[in-house]
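Heads up: the structure comes next, in structure tokens.
What follows draws every value from the coordinates through simple rules; no lab data is involved. Since the structure is predicted, the reported quantities are computational estimates derived from the model, not experimental observations. Positions of Cβ are generated from backbone atoms using ideal geometry, with glycine treated the same way; all protein chains shown enter the neighbour counts.
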Amino acid sequence: MSGQIDGNPGGIRQAVFLDRDGVLNIDHGYVHRPDQIEWIPGAKAAVKRFNDAGCLVFVVTNQAGVARGYFAEEQVQALHRWMAEELEAFGAHVDAFEYCPDHPDGVVERYRRVCERRKPGPGMLLDCMARWPVDKERSFLIGDKADDVAAAAAAGIPGHLFCGPDLLAFTEELLASGRIRLEQ
């Protein structure tokens, strides 16, 4: 499923793919309402850092809670709109929110399936690359699970495992070590 915040700013650009739960916000398990969001320290500042460097920023998130019947897709979309507003108030933005509501063990039949968009599948990343002017050679993913890094590898980009506690500090460490470069 495609995210709500979408467009094509033109010109090939470096892209940063971010997992949501565990990277942008604390993963409290099946987060689907604004009152459940606790931003990871440095998350908003990291997104702004990527924006200021001219990067496209995409959120790619598995949302199996939909398939499990815990919440509806509309709640995922509403939460992403709220997160976008919070980031905008900080002077940052996400270019597109992508999510996969499917899970092979789901109780909601419509979403009970194997899907290439569900990480570790690369579908969400590849969909962004097909719709946006992404410079794949300079792009990367930051995730907090092995499935995130596997999805990046399957899409042909590097993946970096974030273990906390501060996303901006982690980004600066990646830059200092040369594992990522941000070019304007």
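Using helices alone, what [θ] at 222 nm do you get for the chain, with -39,500 (n - 2.57) per DSSP H run of 4 or more residues, divided over all residues and rounded to the nearest 500? List each step's numbers first, then the result.
Working: 6 runs with 62 residues, N = 184.
Result for the chain, helices only: -10000 deg cm²/dmol.
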If the reach is capped at under 13 angstrom between alpha carbons, list the aspartates and glutamates near Lys145, excluding any in the same chain fewer than eight residues apart.
Asp19, Asp21, Asp27
Compactness of the range 83-184, expressed as Rg and Dmax over alpha-carbon positions, Å:
15.3, 47
Which value, in debye to the nearest 20, gives the size of the charge dipole of the range 43-184 about its Cα centre, when Lys and Arg are +1 and Asp and Glu are -1 at the Cβ?
260 debye
What are the lysines whose alpha-carbon lies under 19 Å from the alpha-carbon of Lys136, with same-chain residues fewer than 8 places away excluded?
Lys119
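Out of all Cα-Cα pairs in the range 26-105, roughly what percent, to the nearest whole number, are more than 15 Å apart? Each step should come with its number before you reach the end.
Working: 1854 of 3160 pairs.
Distances greater than 15 Å cover 59 percent of the Cα pairs.
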The alpha-carbon center of the range 111-184 and that of the range 44-108 are separated, in whole Å, by 14 Å
Under 13 Å, Cβ to Cβ, from Ala67 - net charge with Lys/Arg +1 and Asp/Glu -1:
+2
Only sites in a loop by DSSP and with at most 16 other Cβ atoms within 10 Å count here; which GluC sites (Glu not before Pro) in the range 147-184 make the cut?
Glu183
Going toward the positive end of the dipole of the chain, with +1 on Lys and Arg Cβ and -1 on Asp and Glu Cβ, which of Phe140, Gln63, Pro165 do you reach last?
Phe140
Percent of Cα-Cα pairs per 10 Å bin, from 0 to the last occupied bin, for the range 63-108, please list those.
28, 41, 24, 7
